[in-house]
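Take a look at the structure below.
The values are calculated or read from the model by the stated rules, or taken from the named source; none is laboratory data. Because the structure is predicted, anything quoted here is derived from the model rather than measured. Cβ atoms come from the backbone with ideal geometry, glycine included; neighbour counts cover every protein chain shown.
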Amino acid sequence: MISILLATYNGEKYIAGLIESLLSQTIRDFKLYIRDDKSTDETYSIIAGYAEKYPEKIFVSQNEENVGGAKNNFMEMMIDHKDDYVMLCDQDDVWLPDKIEKSLNKIREIEQNIVHEHGSATPVMVHTDLVVVKENLNVISSSYEQMSNKDFEKTSLNFVVTMNNAAGCTIIYNRALADLIRVEPEFIVMHDWWVSLIASAFGRIGAIHIPLVMYRQHEDNESGAKKVLSFKYIFYVLKNLKKMSLMIDDSYKQAGAFLKMYSAPEHGDELSAEKQKLLKAYSSIPYCSRIKRFQTVKKYKTYMHGFARKAAQRMILLIEKKKGRRGL
């Protein structure tokens, strides 16, 4: 069975269209779990209406208090809901009719290949490309992967720890991965990045290089698509180095939280020694001298992808002040 998790908050404008696109899928053997984060508009009334109309398929709940953003709402849902396969869904997108079918076929193909090599209990995540669209669904770009200058084939932990390729609304993961999402981390940048880290550290990441979601861009997006190959983006990065620095610093914190969680004795020291060394080194970068920072990045190949990102990363490694020592 497939569980689709949908976190909502003040999404009255687009939520019905999203749900209708789910109900129009070529595969309809799924359950949709919606958790509303105390919306102040008509979102809850709309989703409750769908739950009443489809009581065997759609299940709705509402947080007693706002948990402070989609990532927190999703993390709580991912901890609570386990299934053979879990898919994540954003309230303002539109799924193309064969999204579930193609995602399911891809993850099962990877699982079948893994069984011959490592057995069946291997965490697997698959994500897809997206069509980037305006509010009215007019196309901005036919490929999020190309527009954002991301390489979906870069799936090793040394790369995933620096940046996330997978848009949450495209993700499907299996039960083996779901079982590793047990408690809320001390710190995450985004829930989809955390899923990618788990898949990279313990299993496999697969990609479908065709768009299966219409990724709507509007002023209320928590994250969005940017034309990374444009001169405008390069200028933006160089002009906003402080913002980029904070983003990179968050990736260090997230790596430290991931290391702490999955090398804890109660979890059976699940991370390999090699990956523990990588995560410890990467999360320690802010506490190192400038020379040591560059040496660490070179040794573990924790380079960001793309000219603008890589240039910003190097400048930040050079200009950031060393932080006080901390224990790891």
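Counting only residues that are at pLDDT 95 or above and farther than 19 Å from W194 by Cα, give me the helices (runs of 4 or more DSSP H) lying completely in region 1-110 with at least 1 of them.
15-23, 43-53
Q276 - would you say it is more than 21 Å from S200 (Cα to Cα) and either in a helix (DSSP H, G or I) or touching a Cys at 6+ places or on another chain (Cβ under 9 Å) (or both)?
no
Tell me, please, whether a residue that is in a loop (DSSP other than H, G, I, E, B) and either under 23 Å from H305 (Cβ atoms) or in the same structural domain as K301 (by TED's automatic domain parsing) (or both) can be found in region 129-142.
Within region 129-142, one or more residues are in a loop (DSSP other than H, G, I, E, B) and either under 23 Å from H305 (Cβ atoms) or in the same structural domain as K301 (by TED's automatic domain parsing) (or both).
Could you go through region 18-41 and let me know if any residue there is within 17 Å of T128 (Cα to Cα), surrounded by fewer than 20 Cβ atoms within 10 Å (Cβ to Cβ), assigned by TED's automatic domain parsing to the domain that holds S196 and under 23 Å from the mean Cα position of the chain (by Cα).
For region 18-41, residues within 17 Å of T128 (Cα to Cα), surrounded by fewer than 20 Cβ atoms within 10 Å (Cβ to Cβ), assigned by TED's automatic domain parsing to the domain that holds S196 and under 23 Å from the mean Cα position of the chain (by Cα): present.
Is it the case, given these coordinates, that E320 is over 24 Å from T122 (Cα atoms), acidic (D, E) and modelled with pLDDT under 85?
So E320 fits the description; yes.
Filter region 29-54 down to residues that are free of Cβ contacts under 8 Å to residues at least 12 places away in the same chain and under 23 Å from Y173 (Cβ atoms), then give me how many there are.
The total comes to 0.
Residue pairs, Cβ under 6 Å, 6 or more apart or interchain, first in region 60-71 and closer than 17 Å to L32 by Cα, second crowded, with 17+ Cβ neighbours inside 10 Å and hydroxyl-bearing (S, T, Y). List them.
Close Cβ pairs satisfying both conditions: Q62/Y44.
Considering N149, N136, which residue is farther than 22 Å from I198 by Cβ, out of contact with any Ser or Thr (no Cβ under 8 Å at 6 or more places or on another chain) and loosely packed, with under 13 Cβ neighbours inside 10 Å?
N136
Among the residues of region 204-244, write down those that are crowded, with 17+ Cβ neighbours inside 10 Å and either touching an Asp or Glu at 6+ places or on another chain (Cβ under 9 Å) or modelled with pLDDT of 95 or more (or both).
R204, I205, G206, A207, I208, P211, L212, V213, M214, Y215, R216
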